[in-house]
Amino acid sequence: MSDKKTSRLVRPDFTDPLRGQVYTTRFDKLLGWARKYSLFQYPFVTACCGMEYMSASAGHYDIDRFGAAFPRFSPRQADVLWVVGTISHKLAPILKTVYEQMAEPKYVVSFGACASCGGPYDNYATVQGIDTIIPVDIYIAGCPPRPEAVLDGVLKLQQMIQNSKQPWRTSDVIEPKPLKLQK
């Protein structure tokens, strides 16, 4: 009689087909995993580092393997801003406008020595690091950085996205700030 009770409670015909095929997780972790592999980048390329940026996207290094392949040339469709190269003071307001037009959540990658700290240009015309204009999440060192360093920066950005709090409830969403129009 006890065999009949256990056979009613445990249905081996129901649990065995699902073994190893169904995973449970928290929705935050699932959303972080999805955002991690769907990076839409906006390349803000101004100087010679652009060649290394292109080589990291080419077939030998293939940044597409990491879910960061499709560049979007509209900031409204991008969530990662790649600042590649030297930024002059004349170009700084344009960079800030591009950053402000991006939707949340948004991330910034400083690519190369010129974007990170001004590089060899220590003069009045060059911004000594874009972190004086916009917040930076990942710094990629080098002049120009090797494609391996670029891939390492992408992996660090993906790790940061995966481990961050994912705003998916209406109470978690950051309210956008209105843009100030210049007269």
Unit charges at the beta carbon, dipole of region 39-163: most positive-side option, Ser116, Gln159, Ile133: Ile133
Relative contact order, percent, region 39-163 [alpha-carbon distance under 8 Å, six or more residues apart]: 27
Charge sum, other residues only, whose C-beta stays under 15 Å from Ala113's C-beta, Lys/Arg counted +1 and Asp/Glu -1: -2
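All of the numbers you see were taken from the coordinates with simple rules; none came from a lab. Only a predicted model underlies this, so the values are computations on that prediction, with no experimental measurement involved. Every residue, glycine among them, receives a Cβ derived from its backbone with ideal geometry; neighbour counts consider all protein chains shown.
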